[in-house]
Amino acid sequence: VQLAGHEAAHMAEGARIAAGEGADIIDINMGCPAKKVTGGYAGSALMRDLDHALWLIEAVVGTVEVPVTVKMRLGWDESALNAPMLARRAEQAGVKMVTVHGRTRCQFYQGKADWRAIARIKQAVSIPVVANGDVGSPAEAAMILDQSGADAVMIGRAHYGAPWTAGSIAAAAAKDAAPGVPESPQALADYIVAHYEDMLTLYGIESGVRQARKHLGWYLDRHAAGVVDEQRKAILTCFEPARVIAALREVFSRAAEAMNLRSAA
Ligand SMILES: Cc1cc2nc3c(=O)[nH]c(=O)nc-3n(C[C@H](O)[C@H](O)[C@H](O)COP(=O)(O)O)c2cc1C
């Protein structure tokens, strides 16, 4: 479970509750760039005040038995690339692993993640370092590991419309067959419908139909870019699951792009 916050007592209490509910790891968010988070001096804003960041880390580490990890960026901006210092101090405080997104806060998601810069964090600590940013293929995963010297890769946005991505990259690294990658348009349609139905089960129909739309949009963008606007709009606005499912089957069962699933992963 990841926690974001600014007050040590609140973070410690959140960690205690999460661990009590069975969390295996508590991760502290020191990477989120969003103004509504940094405005509360949380997320990546903590990188502007490492003493305060350490106060939070020590409070959480001192509260839970499970491993505590930290997610960070390279720093607040180009003039303050202090992730190596934060990582080293976090390690000294008992943090067991750090994940580094190779951008500064002020970059938000612009430009390209600097994979080589993550090497400076790796060199600063002896705990495992996870490298993150702009990885979406086995080749990119190999490159970020090579350039950063990191111990593992974290993958985010490449999962939009392709939730099997991490599994297929891990399988490629192990020279195994990729698990769960839909191999045909029919299999892709089944996969997407199953995802949709799972979301309706998890959230209930009223909330589920709304929450599923961003995923359906990503599937459409990625595998059915040629779908006509009207059909796309119908899928993304309809409140009747049976009609959404019928439209999904129609679109994805015949999506030519679906034949390129493996290269898309
Ligand atoms: C919509 C969105 C939500 C995110 N939420 C979180 C979050 O809650 N915690 C976190 O540590 N990182 C969060 N991130 C950042 C990602 O974990 C990751 O660092 C970033 O997207 C770069 O990796 P990528 O290029 O593989 O996507 C979020 C990113 C996006 C795009």
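The values are calculated or read from the model by the stated rules, or taken from the named source; none is laboratory data. Only a predicted model underlies this, so the values are computations on that prediction, with no experimental measurement involved. Backbone-built Cβ (ideal geometry, glycine too); neighbour counts: all protein chains shown. Side chains included, ligands, DNA and RNA excluded: accessible areas come from the protein's heavy atoms. Shrake-Rupley method; radii C 1.70, N 1.55, O 1.52, S 1.80 Å.
The table for this structure:
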| item | result |
| --- | --- |
| Estimated distance in nm for a label pair at His52 and Ala80, the labels positioned 7 Å out from Cα along Cα-to-Cβ | 0.9 nm |
| Extension gain, Glu197 back to Lys175 (0.36 nm per residue minus Cα-Cα distance, nm) | 4.7 nm |
| Met97 long-range amide H proximity, modeled H, under 5 Å | Val70 |
| Simple spin-label estimate for Arg243 and Lys112 in nanometres, 7 Å along Cα-Cβ | 4.6 nm |
| Average accessible surface area per residue within segment 1-67, 1.4 Å rolling probe, Å² | 51 Å² |
| Residue among His223, Thr237, Leu248 farthest towards the positive dipole end of segment 185-264, charges placed on Cβ | His223 |
| Efficiency of FRET from Cβ geometry, Glu250 and Ser184, R₀ 22 Å, rounded to 0.05 | 0.90 |
| Dipole magnitude of segment 1-92 about its Cα centre (Cβ charges: Lys, Arg +1; Asp, Glu -1), debye to nearest 20 | 280 debye |
| Interchain or long-range residues, amide H under 5 Å from Leu3's placed H | Asp27, Ile28, Asn29 |
| Probe 1.4 Å, protein heavy atoms only - accessible area per residue of segment 185-264 in square angstrom | 56 Å² |
| Under 17 Å from the Lys96 label point (7 Å along Cα→beta-carbon), backbone N, segment 124-150 | 126-130 |
| Order by protection proxy (mean Cβ within 10 Å, highest first), peptides 152-162, 237-247 | 152-162, 237-247 |
| Protein accessible area in segment 2-155, 1.4 Å probe - carbon and sulfur % | 52 percent |
| Charged-residue dipole, Cβ positions (Lys, Arg, Asp, Glu), the chain about Cα centre, Debye nearest 20 | 580 debye |
| Out-of-range pairs (alpha-carbon distance over 24 Å; input Lys112/Lys175; Lys96/Lys122; Lys35/Lys96; Lys122/Lys214; Lys35/Lys233) | Lys112/Lys175; Lys35/Lys96; Lys122/Lys214; Lys35/Lys233 |
